[in-house]
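Here's the structure, in structure tokens; my notes come after.
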């Protein structure tokens, strides 16, 4: 049968494993689950009110994302990321995002600008640090997505969760020093967007490098 003739009802909610993945990931990003914390499937299943199967699937997904690690017995814990891990991640992020900035400066559309402006407004409106971290990374992801460069986007997706982890950690470090993460994040993103709108590859590249260096100042903590 031709699949185009099927009449499938649209899905209305995420699967249990996706929901479990999202909740465990957020607990890691918020610092509720600190690096090295053990992640017993039974305990997590009880807290999430699900069976162990979706929890096991969630932990496997988070291992792929680089947030969870498993020992030879299959026991899971929140991954302890080292300074070397950060340096590797930082160099990879710089390479991908500088490339994206140069590409997008040549082809940015009014629709892209509108989307990115709305995302900055969302960052300015939030009062939750973890949410700000997620919105921050989503903004950078949108820049990469807008390039329509599929291999670039695929590479980005492999490190996205780890970037969220480090960024959330940076925002908490700023809060501990009584600095406003929003006041540090939003103006930088507006400057970056202005550079992208200029149509100049060099201006976009320089603005992205400044953005990356600002992020670098706060990590590893």
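The values are calculated or read from the model by the stated rules, or taken from the named source; none is laboratory data. Remember, it's a predicted structure, so these values are computed and weren't measured experimentally. For neighbour counting, all protein chains shown are included, and Cβ atoms are generated from backbone atoms with ideal geometry for every residue, glycine included.
How many residues does the stretch 21-57 hold that are under 22 Å from residue 167 (Cα atoms) and touching a helix residue (DSSP H, G or I) at 6+ places or on another chain (Cβ under 9 Å)?
Going through the stretch 21-57 one residue at a time, the tally reaches 15.
Give the residues of the stretch 110-145 that are assigned to a helix (DSSP H, G or I) and more than 16 Å from the chain's Cα centre (by Cα), sorted by residue number. Quick ask: steps written out before the conclusion?
Just the residues of the stretch 110-145 that are assigned to a helix (DSSP H, G or I), to begin with: 110-125, 129-145.
Listed by number, the residues that qualify are 110, 111, 112, 113, 114, 115, 117, 118, 121, 124, 125.
Quick grid of which residues meet (1) over 30 Å from residue 52 (Cβ atoms); (2) not assigned by TED's automatic domain parsing to the domain that holds residue 182:
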| site | (1), (2) |
| --- | --- |
| 70 | no, yes |
| 89 | yes, no |
| 94 | yes, no |
| 97 | yes, no |
| 111 | yes, no |
| 118 | yes, no |
| 123 | yes, no |
| 134 | no, no |
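Of the residues in the stretch 191-219, how many are surrounded by fewer than 15 Cβ atoms within 10 Å (Cβ to Cβ) and in a loop (DSSP other than H, G, I, E, B)?
Summing the residues that are surrounded by fewer than 15 Cβ atoms within 10 Å (Cβ to Cβ) and in a loop (DSSP other than H, G, I, E, B) in the stretch 191-219 gives 2.
Only one residue in 164, 176, 205, 183 is more than 18 Å from the chain's Cα centre (by Cα), in the same structural domain as residue 119 (by TED's automatic domain parsing) and in contact (Cβ under 8 Å) with a residue 60 or more places away in the chain. Which one?
Testing whether each residue is more than 18 Å from the chain's Cα centre (by Cα), in the same structural domain as residue 119 (by TED's automatic domain parsing) and in contact (Cβ under 8 Å) with a residue 60 or more places away in the chain leaves just 205.
Just one of (1) outside any loop (DSSP other than H, G, I, E, B); (2) modelled with pLDDT under 90 trips up residue 81, so point out which.
The one condition residue 81 does not meet is (1).
Tell me yes or no: at least one residue of the stretch 78-92 is more than 30 Å from residue 211 (Cα to Cα) and either over 23 Å from the mean Cα position of the chain (by Cα) or crowded, with 17+ Cβ neighbours inside 10 Å (or both).
So far as the stretch 78-92 goes, no, none of its residues is more than 30 Å from residue 211 (Cα to Cα) and either over 23 Å from the mean Cα position of the chain (by Cα) or crowded, with 17+ Cβ neighbours inside 10 Å (or both).
With the condition kept exactly as written, say whether any residue in the stretch 49-62 is within 17 Å of the chain's Cα centre (by Cα), under 30 Å from residue 212 (Cβ atoms), assigned to a helix (DSSP H, G or I) and not assigned by TED's automatic domain parsing to the domain that holds residue 189.
Within the stretch 49-62, one or more residues are within 17 Å of the chain's Cα centre (by Cα), under 30 Å from residue 212 (Cβ atoms), assigned to a helix (DSSP H, G or I) and not assigned by TED's automatic domain parsing to the domain that holds residue 189.
Being over 10 Å from residue 78 (Cα atoms) and either assigned to a helix (DSSP H, G or I) or free of Cβ contacts under 8 Å to residues at least 60 places away in the same chain (or both) is the filter here; which residues of the stretch 28-44 pass it?
29, 30, 32, 40, 41, 42, 43, 44
May I ask you to list the residues in the stretch 93-109 that are surrounded by 13 or more Cβ atoms within 10 Å (Cβ to Cβ) and more than 19 Å from the chain's Cα centre (by Cα)?
102, 103, 104, 105, 108
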